1. For LYS33, list the lysines whose Cα falls under 19 Å from its own Cα; do not include residues on the same chain fewer than 8 positions away.
2. If the cut-off is a Cα-Cα distance under 12 Å, which aspartates and glutamates reach LYS415, setting aside same-chain residues fewer than 8 apart in sequence?
3. Toward the positive end of the charge dipole of the chain, about the Cα centre and with charges on Cβ (Lys, Arg +1; Asp, Glu -1), which of ASN140, VAL472, LEU286 goes farthest?
4. What's the FRET efficiency of GLU467 with HIS65 using the Cβ-Cβ distance as r and R₀ = 45 Å, to the nearest 0.05?
5. Just reorder SER180, SER16 by solvent-accessible area, largest first, 1.4 Å probe, all chains present.
6. Taking only C-alpha pairs under 8 Å that are 6+ residues apart, what is the relative contact order of the stretch 335-390 in percent?
7. Leaving ligands, DNA and RNA out of it, report the carbon-plus-sulfur percent of the accessible area of the chain at a 1.4 Å probe.
8. So what is the relative contact order for the chain, in percent, with contacts set as C-alpha pairs under 8 Å and at least six apart?
Amino acid sequence: PPGAPVSPVDAEALRSPVRFAKGVGEQRARLLKRLGIETIEDLLLYLPRKIEDRRAVRKIGHLKHGDKATVVGRLRAVDTIRPRKNLEIIKAAVQDNTGVLFAVWFNQPWVKSQLEAHMGRRLALYGAVERVYGMPQMSNPVWEPEDQEPFLTRRLVPLYPLTQGLTPAVLYRILRENLSRYKPAVRDLLPREIRERQGLLPKAEALEKIHFPSTLEEFERARRTLAFEELFLFQIGVALERRRQRKRSARRLAIPDEELQAFLEALPFRLTQAQERALREIRDDLRSCHPMNRLLQGDVGSGKTVVAAAAAYIAIKAGAQVAFMAPTEILARQHAERLLPLLEPLGVRCELLIGSLPPSQKTQARGRIAAGEVDLAIGTHALLTEDVRFPRLGLVVIDEQHRFGVIQRAQLEEKGEDVHVLVMSATPIPRTITLTLYGQFEISIIDELPFPKDVRTYWVSEDKREEVYKLVAEEVRKGVQAYVVYPLIEESEELDLRAAAQMKEELERTVFRGLRVGLLHGRMKDEEKQQIMEQLRRRELDVLVSTSIIEVGIDVPDASIMVIEHAERFGLSQLHQLRGRIGRQGQRALCFAIATAKTEEAQRRLRAFRDLSDGFEIAEEDLKIRGPGELLGVAQHGLDTTFKVADLIRDLPLMKAAREEAFRLVEQEPDTPLIQEFERRFGDKFELARV
């Protein structure tokens, strides 16, 4: 029963509702539920987001503006000040032998009675120091009597996300009392030999030292232990998924070297060494007896599409059908325009299936696919509909995979039996993320461009906008084509942004007068979008004003200038993708990011965009700036890829070690109880990811 002593083997007690925890009850249980704490186990595992060193006590007379400090002094006075309606300030004076510190609390009237109970006693306070009229002051400091056990000051203080009505002191006391009580029930998930190999603590000890550390080293070792367990469990899932895939059998898709050579010789160029390496890896997968599951990564313009075309050619000549899926109709049409001239002269029957086709054409296309009269079907999510049937689907190619959720990918894969899968991404993914979240994929990286790109990037403040457009107009009149990109389509009252539709008209009337200016945005009908892109490719347009719809896959060889308005509104990888639309033949190109960045994060992003050109370097910097984000496209379907303790940047070596240990365990001890624990924590999410 709740309140009874916990035996060392009574792990089920940790699953009890948190209202039964000591010091909680119904009211606090409701507050804790807001933080996601519903069981006693959740409470013990509610870990601090960081730790603050409040051990050193400073003399009041030595405080400087901007310091964060702990002080100890005698409470000399408490008063209430009401400078205006709806504002009540509690002001206290605390004195040590070097001076007086004023502490103020805003609209917290209860603080006065709490302080008055300690009048004349010594208090410890912690907060940020300001100088007000020459006197040191702290706003809303934490405080406690000096003669009580330190919780909020004079120690290493872990900081937790809180909710209104739950103070740090209350949470600390609840944690301390229940950790002491339930510590014997905490069991180790990691086998002892793994803990010893990795220098980790027993889990119960790690929990105690992360909540109540004596030293920073203790805190870090505890954090490292719990982070390792978290990464290890996730990697167990990745290892199980890899094992499941390897148990499946797939049709071998192999052709003689001479037949592949016919495709390569028909190309108007030679593959780079990186392309040849990626193609060898894909070819080895296709001719094995297990389904390929490969991620093909490469920067903008590195030539992934031609490698995918070679993979499709191999599969088709081996007797299979291929489905090639792109996230937008513009990109699907563009792939068709690239692939048909390569493959149709070699006898490959191709079909484009997109939603905007007339109903009769769609019906005919589906009929030809179902009859096996189509070797390569290129399309969008239209390929996913139930009435599209492939009698001999052998390979699925998915472009810009981050635009599709795992459910969509799985729907396409299920149109064949144990099909080979090749996913492509022109958004370089940091190796950190790749190792963690793409563990079920084999990875090929095209890290070489067919020719050096000469794109110069400038970050320009908004007061220089007129000069930028004057230069752009001069260059366009010399014969180059340009893009102007905006983050919004129409003016917004909330955001002071220059919107594409309005600015297209303004630019035509002013700086681009006499030039042919087009407009492209996501709300246009697909036929309109296609018409605009055709005009641009045929050089019937000089300037395209667009939203970020052009970010992915648009290929206009002569485009050499890009202006990105309000560049601070775009992510770093998105900026890099946009820049990839210009200079695609190796010609000199100019990219202007017009932005007034008000936050440090925006400034870092724009500096990185200006100074870096390699996609993988940009991806690593993006990860440092904004964290992992939604790089897998699975959170929308329930697979939460964020971690409570582990940090994907600082814990890269830890992640590699966890991966090695997890893969070794799954291979050597497939029936270990750890697998059951994994299923309890993550099983439903991993099942969802592969339905």
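1. LYS22, LYS644
2. Those aspartates and glutamates meeting the cut-off are GLU386, ASP387.
3. Working it through, the farthest residue towards the positive pole turns out to be ASN140.
4. Calculated value: 0.65.
5. Numbers: SER180 90, SER16 35 Å².
Descending accessible area places them as SER180, SER16.
6. It comes to 39 percent, rounded to a whole number.
7. C and S atoms contribute 48 percent here.
8. On the way: 1247 pairs, mean separation 82.7, N = 691.
So the answer I get is 12 percent.
The values are calculated or read from the model by the stated rules, or taken from the named source; none is laboratory data. Please read all numbers here as calculations on a predicted model, not as lab measurements. Every residue, glycine among them, receives a Cβ derived from its backbone with ideal geometry; neighbour counts consider all protein chains shown. What goes into the accessible areas is simple: the full protein's heavy atoms, side chains included, and nothing from ligands, DNA or RNA. Shrake-Rupley method; radii C 1.70, N 1.55, O 1.52, S 1.80 Å.
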